[in-house]
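Engineer: Dumping the structure here so I can ask a few things about it.
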Amino acid sequence: MTVCALLAPAPRGESAAEQAATPISEIRFERQTLDDHGPKDPWVKTVGDLNGDKLPDIIVGGQNGPLVWYAAPEWKRSEIAGGGYHTVDGEVGDVDRDGDLDVIVGAEFWYENPRPTGDPHQGPWNAHRISSLRTHDIEVADLDGDGKLDIVARDQSGFGHKTGNKIHFWRQENPDAWNYRAIDCPHGEGLHLADLDRDGALDVVIGGRWYRNTMDIARGAWTEHIFTDDWHPDAAVATGDLNADGHLDVVLTRSEGEYKISWFEAPANPRLPNWTEHVVDPSLDFAHGLAVADLDGDGAPDIATAEMHQSKRDRVLVYRNEDHGRRWTAHIIATTGSHNLRVVDLGRDGLLDIVGANWSGNYQPIEAWRRLK
């Protein structure tokens, strides 16, 4: 394990001497390798307590399989499925409402947890077909308040796919019957769920715009609201109240290529256009993973992101929120890259950790960066 003491860089304009004279708070992480030889090209990463021991486990799926899970805290590896899915995204949720977490991979399959009568280490994890649609991003939530989990997904428009111009919905009738509907959106990639208008329903957020949920998945209008018309179509999306004004703001990176990372300040009425943009860092490269959470424990949401292995710098970063989003301090916690990172309290010690892996390339271990007190 490697202990990284992460110090803020000097603000622009300060000399090295001035930096040394300035007290800088410290945020420390310890790198932990969970599996040096995980599934090849680990596209899918998600987390959830699969065995009911109150500790979050880690689920990883290779491009061509297998789909496996690692049981905390010893990270014992067990297989869920051999493959058959076509996605980079997965989630967990109790699809069949039997009290345990199932695993949803793309919009193609959900895998039934053997609990409560069986052992998730032994299986079988029965596969249930949702659809045959290839997708890039998915989210899982009860979108209409009926107590059943629904699925929202989107594919990507780059790399020859040209199918990121639809947002797909699957309303659950029962665990083996799903009511499908799609709406149009601009080409691109990226997807997030958040209640931007604070009406109790989760809305759909993509790069530059959001779609209002009226809790009628199949027939609702899903009215589009544009918060910026000046962002790259490929976007990683996250939300949080970054300036402590009671409104959810939106954070964006460019997920496929060189760009910036910004947060967009929500007005009192989030349906208004042209939210105020605040640039966090003008230079990021292939920042495909993104999360908003209080990583330093000061009560303010910070930003975690990671540049993929094909970037120039391969950084895993935490941007610490200072003065209600007016200033950000970048902390580099690794220079080996990562993809679709997850932020989770792995040890239930009140400290948030980061989990990730590169989706391809020469460096593919499944790893965690554990926050130190």
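Engineer: Return the long-range amide H neighbours of A107 (sequence gap of 5 or more, or a different chain), with a cut-off of under 5 Å between placed amide H atoms.
Structural biologist: The answer is T135.
Engineer: Let me ask you something else. Could you compute the net charge surrounding R129? Neighbours are other residues with a C-beta less than 9 Å from the C-beta of R129; K and R count +1, D and E count -1.
Structural biologist: Combined, the nearby Lys, Arg, Asp and Glu give -2.
Engineer: In whole percent, what relative contact order does the stretch 53-198 give with Cα contacts below 8 Å and a gap of six or more residues?
Structural biologist: Value for the stretch 53-198: 15 percent.
Engineer: Okay, moving on. For the stretch 189-238, with all protein chains present and a 1.4 Å probe, just round the carbon and sulfur fraction of the accessible area to a whole percent.
Structural biologist: Roughly 44 percent of what the probe reaches on the stretch 189-238 is carbon or sulfur.
Engineer: Under the rule a/c < 1.5 gives rounded, and otherwise a/b versus b/c splits prolate from oblate, where does the stretch 284-373 land using the Cα gyration tensor?
Structural biologist: Oblate.
Engineer: Then there is this: Taking θ as phi - 60°, what are the ³J(HN,Hα) couplings along the stretch 247-261 by the Karplus curve (6.51, -1.76, 1.60), each to the nearest whole Hz, with x for Gly and Pro?
Structural biologist: 10, 6, 9, 10, 10, 10, 10, 8, 7, 9, x, 8, 6, 10, 10
Engineer: Which one of L290, I303, P270 is farthest out on the positive end of the charge dipole of the stretch 229-315, using unit charges on Cβ (Lys, Arg +1; Asp, Glu -1) and the Cα centre as origin?
Structural biologist: So the residue we want is L290.
Engineer: Using alpha-carbon pairs under 8 Å, 6+ residues apart, how would you state the relative contact order of the chain in percent?
Structural biologist: Taking the mean separation of contacting Cα pairs over the length of the chain, I get 13 percent.
Engineer: For K373, go through the aspartates and glutamates and keep the ones whose alpha-carbon is under 16 Å away, minus same-chain ones fewer than eight residues off.
Structural biologist: E26, E30, D294, D296, D298, D345, D349, D353
Engineer: Let me ask another. Pairs K76/K148; K45/K76; K45/K162: which are spaced more than 22 Å apart, C-alpha to C-alpha?
Structural biologist: Table pairs above 22 Å Cα-Cα are K76/K148; K45/K162.
Engineer: At 222 nm, what helix-only mean residue ellipticity would the chain give, in deg cm²/dmol to the nearest 500, using -39500 (n - 2.57) for each DSSP H run of four or more?
Structural biologist: Using -39500 (n - 2.57) per qualifying helix, the result is -500 deg cm²/dmol.
Engineer: Using 7 Å Cα-to-Cβ label points, what is the E265/S360 separation (nm, one decimal)?
Structural biologist: That separation, rounded to one decimal, is 4.1 nm.
Engineer: Okay, moving on. Quick check on the stretch 117-166: take the gyration tensor over C-alpha atoms, sort the square-rooted eigenvalues as a ≥ b ≥ c, and tell me if it's rounded (a/c under 1.5), prolate or oblate.
Structural biologist: Oblate shape, in that a/c is at least 1.5 and b/c is the bigger or equal ratio.
Engineer: Between D345 and residues 5 or more places away or on another chain, which pairs have amide H atoms under 5 Å apart, with H built 1.01 Å from N, and which residues are they?
Structural biologist: It is D353, by chain and number.
Engineer: Still on this structure, I have one more. Shape call for the stretch 33-171 from the C-alpha gyration tensor, a ≥ b ≥ c root eigenvalues: rounded (a/c under 1.5), prolate (a/b greater than b/c) or oblate?
Structural biologist: Judged from the Cα gyration tensor, the stretch 33-171 comes out oblate (a/c at least 1.5, b/c at or above a/b).
Engineer: What do you get for trypsin sites (Lys or Arg not before Pro) in the stretch 174-267 restricted to DSSP loop and a cutoff of at most 13 other Cβ within 10 Å of the site's Cβ?
Structural biologist: R198, R219
Engineer: Given +1 on the Cβ of Lys and Arg, -1 on the Cβ of Asp and Glu, and no further charges, what dipole in debye does the chain carry about its Cα centre, rounded to the nearest 20?
Structural biologist: Here the chain has a charge dipole of around 700 debye.
Engineer: With a 1.4 Å probe and all protein chains left in place, how much accessible area per residue does the chain have, in Å²?
Structural biologist: 40
Engineer: Can you list the chymotrypsin sites (Phe, Trp or Tyr not before Pro) in the stretch 135-226 that are in a DSSP coil and have 16 or fewer other beta carbons within 10 angstrom?
Structural biologist: Counting only loop positions with at most 16 other Cβ atoms within 10 Å, the chymotrypsin sites (Phe, Trp or Tyr not before Pro) in the stretch 135-226 are F159.
Engineer: Ok, one more. Provide the gained length on full extension for the span T33 to I332, in nm with one decimal, where the gain is 0.36 nm per separating residue minus the Cα-Cα distance.
Structural biologist: Additional length available on full extension: 105.9 nm.
Engineer: Can you work out the FRET efficiency for the pair R219 and K373, with r the C-beta to C-beta distance and R0 = 51 Å, to the nearest 0.05?
Structural biologist: Working from the Cβ atoms, E equals 0.50.
Engineer: What is the Cα convex hull volume of the chain when expressed per residue in Å³?
Structural biologist: Given the Cα convex hull of the chain, per-residue volume reads 135 Å³.
Engineer: Non-local amide H neighbours of E307 (under 5 Å, H modeled in plane, Pro and chain starts lacking H): which ones?
Structural biologist: R315, V316, L317, S338
Engineer: Tell me the relative contact order for the stretch 27-106 as a rounded percent, counting alpha carbon contacts under 8 Å between residues six or more apart.
Structural biologist: In percent, rounded to a whole number, it is 24.
Engineer: Going through the stretch 46-80, which trypsin sites (Lys or Arg not before Pro) have at most 13 other Cβ atoms within 10 Å and a DSSP loop state?
Structural biologist: Passing sites in the stretch 46-80 are K54.
Engineer: Turning to a different aspect of this structure: In square nanometres, what is one fourth of the surface area of the convex hull spanned by the alpha carbons of the stretch 136-205?
Structural biologist: 4.9
The values are calculated or read from the model by the stated rules, or taken from the named source; none is laboratory data. All values derive from a computational prediction rather than experimental measurement. Don't worry about glycine lacking a Cβ; one is built from the backbone with ideal geometry, like all the others, and counts go over all protein chains shown. For accessibility, only protein heavy atoms count, side chains too; no ligands or nucleic acids. Shrake-Rupley method; radii C 1.70, N 1.55, O 1.52, S 1.80 Å.
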